[in-house]
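A.B. asks: Questions regarding the structure given below will be posed in turn.
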Amino acid sequence: MHSVAFPTDPQRSDAGVSGASTPPIGRYLPVPVEVHEADPDAPEVARRLIALIATRWPGAPAEHIGSSAVAGLAGKNIIDLLLAAQPAQIPAITQALLELGFQPQLPAAFPATRPMLWGAFRHGPTTYRVHVHVVPAGSPEVAAMRGFRDALRADPLLRRRYAALKRAIVEGGPVDPVTFTRAKHDWIATALTQLGLASPQPRRLYQDDLDLDRSHGLAS
């Protein structure tokens with residue numbers, strides 16, 4: 001099993017968009033971080049989610065980011081999505097995601113002007129955790145998320161080093177998401193700087209307003 005299965009989750013995402021009483025996105029259940037081998041089904045799950053979001057918000061398509069968007073890269077097997085949008089559209093996008101069943105991240109690590117919503121999505125026998133990052137289109141964070149994904153796809157050595165870092169963090173067993181994020185922070189900040197995706201010694205991983213102590217939602 002590549003991802004966490006939630007057998008008590010009543011949502012059936014394979015049924016598609018159903019009535020308001022049964023949204024296609026199920027309840028998110030936070031769990032300690034474990035590092036899994038790459039899930040070959042992740043790109044298809046992301047495609048289904050992107051198509052689902054487009055049924056409610058067709059104007060700005062979501063895109064697959066994070067470790068699950070990189071073939072062969074071990075990670076948390078969370079499906080991370082980026083939805084870059086004009087700031088004035090973010091409240092309406094947030095509402096559209098809530099109507100699909102996504103929930104606000106709690107405790108919130110990001111402001112309402114750059115929300116992250118999460119949920120669970122069934123694909124075959126597996127329920128995947130999903131993070132949707134809604135980011136102002138002009139934010140440097142958009143280029144950082146895309147650029148880090150693309151660099152990992154293009155550079156086998158960078159992939160191996162990143163996977164080794166994540167495995168080392170959980171070597172003693174599953175860890176709290178905040179501990180996991182803190183342990184990755186300096187390595188990723190350095191990588192972003194070397195890739196030209198962040199200024200030297202950035203205050204935060206992707207954006208200045210991020211509260212690292214509450215950053216459960218960073219791409220995996």
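A.B. asks: Shape call for segment 153-193 from the C-alpha gyration tensor, a ≥ b ≥ c root eigenvalues: rounded (a/c under 1.5), prolate (a/b greater than b/c) or oblate?
C.D. replies: Numbers: a/c = 3.03, a/b = 1.49, b/c = 2.04.
The shape class here is oblate.
A.B. asks: Probe radius 1.4 Å, ligands and nucleic acids ignored: give me the carbon and sulfur share of the accessible area of segment 23-164 as a rounded percent.
C.D. replies: On the way: 3290 of 5460 Å².
The value for segment 23-164 is 60 percent carbon and sulfur by accessible area.
A.B. asks: Please compute the length gained on full extension between W187 and I50, using 0.36 nm multiplied by the number of residues separating them and subtracting their Cα-Cα distance.
C.D. replies: Numbers: separation 137, 0.36 × 137 = 49.32 nm, distance 2.95 nm.
That pair, W187 and I50, stretches by 46.4 nm at full extension.
A.B. asks: Right, next: Before I look further, what does segment 35-181 give for accessible area per residue, probe 1.4 Å, in whole square angstrom?
C.D. replies: Details: 5750 Å² over 147 residues.
Accessible surface, normalised per residue, equals 39 Å².
A.B. asks: Quick check: residue separation of R146 and L165 times 0.36 nm, minus the Cα distance between them. What number comes out in nm?
C.D. replies: So the chain would gain 4.8 nm between R146 and L165.
The values are calculated or read from the model by the stated rules, or taken from the named source; none is laboratory data. Remember, it's a predicted structure, so these values are computed and weren't measured experimentally. In case anyone asks, the SASA skips ligands and DNA or RNA and just uses the protein heavy atoms, side chains included. Shrake-Rupley method; radii C 1.70, N 1.55, O 1.52, S 1.80 Å.
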